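Report on one structure; see the data block that follows.
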Amino acid sequence: MTANRSLPAEDEVREALRAVDDPEVGINIVDLGLVYHVEVGAAGVRVDLTMTSPACPLADFVIEEARRALGDILPEGTDVQIDLVWDPPWSPERMSDVARQALGWSG
């Protein structure tokens, strides 16, 4: 990490988050549709993400893995805010075709 690295674009943030797998499903959080919003600005990076269920026991683990993945692409000292949100509730329709295929789901 270098201090003079510029902030990444939103799509680069999402790409970095693809390195974070949901440990129960083994598919990354972007393709699962768990990343709801990414904002990159002068104040830092903000990500809204959810879990497949409010009862997910691994939410803290996923958030820390997301923070670690972002730390790999952000300039040192960049503020990272990751908010766990529940609205709208996650549903399988949010998954990418890649995730559906990996789970053997059609459509």
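Since every read-out is calculated from the coordinates, none of them should be taken as a lab result. A quick note: this is a predicted structure, and the numbers were derived from the prediction, not measured. Glycine also receives a Cβ, built like all others from the backbone with ideal geometry; neighbour counts cover every protein chain displayed.
Quick look at the values:
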| quantity | calculated |
| --- | --- |
| Approximate spin-label separation V85-Q101, in nm, with each point projected 7 Å along Cα-to-Cβ | 2.9 |
| Among A16, A69, A42, residue whose mean-square fluctuation peaks in a GNM of the chain (springs only between Cα atoms under 10 Å) | A42 |
| Residues R5, R67 arranged by fewest to most Cβ contacts within 10 Å | R5, R67 |
| Difference of contour (0.36 nm per residue) and Cα-Cα distance, R5 to V25 | 3.9 nm |
| Share, in percent, of DSSP beta bridges within the chain that are antiparallel, nearest 5 | 60 |
| Phi to ³J(HN,Hα) by Karplus 6.51 cos²θ - 1.76 cosθ + 1.60 over the stretch 55-61, Hz, x for Gly, Pro | 8, 4, x, 10, 4, 4, 5 |
| Sparse-neighbour loop sites [GluC sites (Glu not before Pro); the stretch 7-107; at most 10 other C-beta within 10 Å; DSSP] | E76 |
